[in-house]
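S.K.: My questions all concern the structure below.
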Amino acid sequence: MTADNRLDRLLEDQVAIVTGAGQGVGEGIAAAMAQAGARVVIAARRSANGEPAAQAIRDRGGQALFCRCDVTRRDDIDAAVAFSLQHWGRLDAMVHNAVSPPGPPRPIQEVDDETIASQIATSTTATFHCAQAAFGELRANGGTLVVLTSPAGIEGSGHLPLYGAVKGAQRGLLKSLAREWGPHGVRVNAIAPVASTPAMDAATEVNPTLEARLVGRTPLGRIGDPTADIGPVAVFLASGLARHMTGQTLAVDGGRYLGL
Amino acid sequence: MTSRGSRTALVVGSGDPADSLGVGLVAAGWSLLRLGDGPIDDDTVAAAFPTLEHLDLVVHARYPALCRWRRELTDLTTKQWHAACDEPLEAGIRLARGAYGPLRAAGGTMVYVVPLMASAGGDGFAPFAGAAEGLRVFAKSLAKTWGEAGIRVHAITLDPSAFLAPDDAAGMAEANSLHDPPLGRVPDVADEVSPVVDALTTDAFAALTGASLVVDGGLWMPG
């Protein structure tokens, strides 16, 4: 699926890095940003999906390059920013989407230390590193930081309490950064999506009724598509259309969580 | 407050607001246990809980000194970030993991105490806000899963002055509010916040869980 063609040229001349862009929501956001005219760095841990994601964008006439990036490694994030500057001379938007898979639903008393550390590493620590690594360029270009959080980071999650905690932590961080970086002309916002992703597919395999129940409780009657539904919101946040928005979290969930 | 001498509370954290909350709870008749800002790992949790048959209340207000240190994000080292955000977040999660058994035995209550910047952000306090907002949301997740075990979980948001040095707190107040507290004062933690914590453990609030209460004299009115 492609994004609405009204996005075309909204991000012309911009350069964006999207972490976790080898699949799922990150891939959809990268595709939508490329369609909007941005040159996109596909920052992904595995070339097996990062390269094809970049190639798919190029096949559609967009500009994208794969850069191997494990967001738990600060050096990799710095390298992704350097890669952006080396190939395209600038960076306007850093989109941090990568996350460690939350694993099967379980109460917190059954979650081990390794899982806690892994979730924190890809969420709070990696957000810090992405923000810090990108700040110089974002400030120079009046750029933006977009963080992919979750409805679970707003209303909590009974099934994935750890995931809700780290996603909530990202929101506390971004609101503070919005205050801190506003005077520098850098905007900081978040998207809380519900979308069809490999992670959602895996959860549905374990719990076959999950998708039907989720759709049944979503006013728009479907789960979001990463490119057509989530991607355009990232384009909007990175574009001048959102120039007076900072510190906000946009729930892109078909109306699933109306009490946020 | 009604005296409840047979009830046991664990208050976690060093300095204020943990100290003042402890003072207020003791004044209300609670038997008090304390854990400070030291590591919360399986060993410390095991040491704190196994001798307890039950635990009626756990209050988390553990934010080590680096959390409360005002510093722009671009000036932080990774080590400082870990100490100010990741470690407190992880410790707050581990505490819940260890507290589950004793709280279930008592049908107890857990309360995460957080600063205003968790919800509203704080210039120079990104790691503190991150850890605290993570724990505020975590309280809702716990409420959803622990309700069937008879455990209620809440978060209480306090004015930054309960956590920060006076100059930093004044700066936060200036940044966040355009008016004075409608009730004429920022609440005293021992005298006016502890009774709220105490009340949340009573049958009067038996139908309430997962609440995020802002106890700041009306400075900030979210939603």
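The values are calculated or read from the model by the stated rules, or taken from the named source; none is laboratory data. Keep in mind that this is a model prediction, so the values were computed, not measured. In this analysis, Cβ positions are derived from the backbone assuming ideal geometry, glycine residues included, and neighbour counts consider all displayed protein chains.
S.K.: With (1) within 11 Å of chain A (Cβ to nearest Cβ); (2) within 21 Å of A:Ala133 (Cβ to Cβ) as the list, and B:Ala83 as the residue in question, which single condition is left unmet?
M.R.: (1)
S.K.: Report every pair of residues separated by at least 6 positions or lying on different chains whose Cβ atoms are under 6 Å apart, first residue within segment A:146-161 and more than 8 Å from chain B (Cβ to nearest Cβ) and in contact (Cβ under 8 Å) with a residue 24 or more places away in the chain, second hydroxyl-bearing (Ser, Thr, Tyr) and surrounded by 24 or more Cβ atoms within 10 Å (Cβ to Cβ).
M.R.: A:Val147/A:Thr127
S.K.: Do you know which residues across segment B:102-130 are closer than 30 Å to A:His184 by Cα and more than 7 Å from chain A (Cβ to nearest Cβ)?
M.R.: B:Val114, B:Pro115, B:Leu116, B:Ser119, B:Pro127, B:Phe128 - these are the residues of segment B:102-130 that are closer than 30 Å to A:His184 by Cα and more than 7 Å from chain A (Cβ to nearest Cβ).
S.K.: On the given criteria, is A:Ser118 farther than 20 Å from A:Asp13 by Cα, surrounded by 23 or more Cβ atoms within 10 Å (Cβ to Cβ) and either within 14 Å of another protein chain (Cβ to nearest Cβ) or modelled with pLDDT of 95 or more (or both)?
M.R.: So A:Ser118 fails the test.
S.K.: Do any helices (runs of 4 or more DSSP H) entirely within segment A:178-260 hold 2 or more residues that are modelled with pLDDT of 95 or more, and if so, which?
M.R.: A:231-238
S.K.: Among the residues of segment B:144-161 satisfying the criterion of being out of contact with any Lys or Arg (no Cβ under 7 Å at 6 or more places or on another chain) and part of a helix (DSSP H, G or I), which is nearest to the other protein chains (Cβ to nearest Cβ)?
M.R.: Only one residue fits best here, namely B:Lys144.
S.K.: Would you mind stating whether B:Arg104 is closer than 19 Å to B:Asp159 by Cβ and among the basic types (Lys, Arg)?
M.R.: So B:Arg104 fails the test.
S.K.: Sticking with this structure for a sec: I'd like the full set of residues that are within 25 Å of B:Asp167 (Cα to Cα), of a type in the set (A, V, I, L, M, F, W, C) and surrounded by 24 or more Cβ atoms within 10 Å (Cβ to Cβ), limited to segment B:93-144.
M.R.: B:Val113, B:Val114, B:Leu116, B:Met117, B:Ala118, B:Phe125, B:Ala126, B:Phe128, B:Ala129, B:Ala131, B:Ala132
S.K.: For segment A:148-164, enumerate the residues that are part of a helix (DSSP H, G or I), over 17 Å from the mean Cα position of the chain (by Cα) and over 20 Å from B:Pro222 (Cα atoms).
M.R.: A:Pro161, A:Leu162
S.K.: Sticking with this one: Report the residue count in segment A:11-41 for those that are farther than 16 Å from A:Leu138 by Cα and in contact with a Leu (Cβ under 7 Å, 6 or more places away or on another chain).
M.R.: 6
S.K.: Still on this structure, I have one more. All but one of (1) modelled with pLDDT of 95 or more; (2) under 17 Å from the mean Cα position of the chain (by Cα); (3) more than 14 Å from every other protein chain (Cβ to nearest Cβ) hold for A:Thr124; which doesn't?
M.R.: (3)
S.K.: If you go through segment A:30-48 one residue at a time, do you hit one that is aliphatic (A, V, I, L, M) and surrounded by fewer than 24 Cβ atoms within 10 Å (Cβ to Cβ)?
M.R.: So far as segment A:30-48 goes, yes, one or more of its residues are aliphatic (A, V, I, L, M) and surrounded by fewer than 24 Cβ atoms within 10 Å (Cβ to Cβ).
S.K.: Same structure again: Is it the case that B:Asp75 is more than 17 Å from B:Val197 (Cβ to Cβ), modelled with pLDDT of 95 or more, within 13 Å of chain A (Cβ to nearest Cβ) and buried (at least 18 other Cβ atoms within 10 Å of the Cβ)?
M.R.: no
S.K.: Considering each of B:Glu174, B:Glu133 in turn, give the residue that is in a helix (DSSP H, G or I) and at the interface with chain A (Cβ under 10 Å from one of its Cβ atoms).
M.R.: The match here is B:Glu133.
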